[in-house]
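Chemist: Starting off with a structure, shown below.
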Amino acid sequence: MRRNVMRSAKCLLAAATLWALGSTPAIAQAPGGGGQARGGGRGPATPPLIMTSTAWEDGGVIPDKYTQAAGATAPSPELKWSQVPPGTQSFVLLMHDPEPVLNKGSKMDITHWLIWNIPGTATGLPENVAQGELPDGSRQVSLRSNAYMGPGAPAGPYHHYTFELYALDTRLEVPQGTPQQTAETRTAVVNAMDGHVLGKAVLVARFHR
């Protein structure tokens, strides 16, 4: 019963997240790792893209080590993914906090990490990804820096920090941008992704002070 309740809550959160993102391509990982094949249901279903972390279980509480409770320069968590769709040329990872929109306290949710042009051969990201544009061509930004920004929700109800991984059939010609341009950069990335999404995986972490 508890698992069913958690799955229902995650479905509602995913739906609200897509609403908050507006034009984000909607090929979502179903509860329990299910997914959809691209191509209108013809032929065998493509195995769903799956993302996990060694730091917490999906839907669990993210350790303080990776949050603002540990300071402004908290390291990013290790992430791993598998069952990559054939033809993947790059990945986009978006970590955001949808609670401000869900609670009607803001028209825009909080971009904690946006990293794009991760090579299509990658199977994850290591802990403590370096700042700025990476040697492999990955570019990143958050509201605070050109790097990961850990969760920082105040005391009260948990916030659900949502990591969304997109597998794309192309690389994106979107420049690095600055923290002050985060909204514009995120919009540019989302628009450039349109029509190129091969698969999507979602991982949720909860946190409050």
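The numbers here are math on the coordinates, done by the rules we state, and not lab data. Quick caveat: nothing in here was measured; it's all calculated off a predicted structure. FYI the Cβ positions are ideal-geometry reconstructions off the backbone, even for glycines, and counts take in every protein chain you see.
Chemist: Under a crude label model (7 Å from the Cα following the beta-carbon direction), how far is Asp64 from Arg206 in nanometres?
Modeler: 1.8
Chemist: Ok, one more. Within region 60-99, find all residues whose amide N lies under 19 Å from a label point positioned 7 Å from the Cα of Asp194 along Cα-to-beta-carbon.
Modeler: Zone members listed by number: 92.
Chemist: Something else: At 7 Å along the Cα-to-beta-carbon direction for both Thr178 and Glu57, put a label point, then send me their distance in nm to one decimal.
Modeler: 4.5
Chemist: Here is a follow-up. Order of Thr182, Thr54, Thr162 from fewest to most other C-beta atoms within 10 Å?
Modeler: Going from sparsest to densest Cβ surroundings: Thr54, Thr182, Thr162.
Chemist: How large is the charge dipole for region 67-185, taken about the Cα centre, if only the Cβ atoms of Lys, Arg (+1) and Asp, Glu (-1) carry charge, to the nearest 20 debye?
Modeler: 160
Chemist: To the nearest 0.05, what FRET efficiency results for Thr73 and Thr170 with a Förster distance of 25 Å applied to their C-beta separation?
Modeler: 0.15
Chemist: If I take R0 = 35 Å and measure r between the Cβ atoms of Thr187 and Ala155 in this structure, what FRET efficiency does the formula 1/(1 + (r/R0)^6) give, to the nearest 0.05?
Modeler: 0.65
Chemist: In nm, to one decimal, how far is the modelled label at Lys80 from the one at Glu133, with both set 7 Å along Cα→Cβ?
Modeler: Here the modelled spin labels are 3.2 nm apart.
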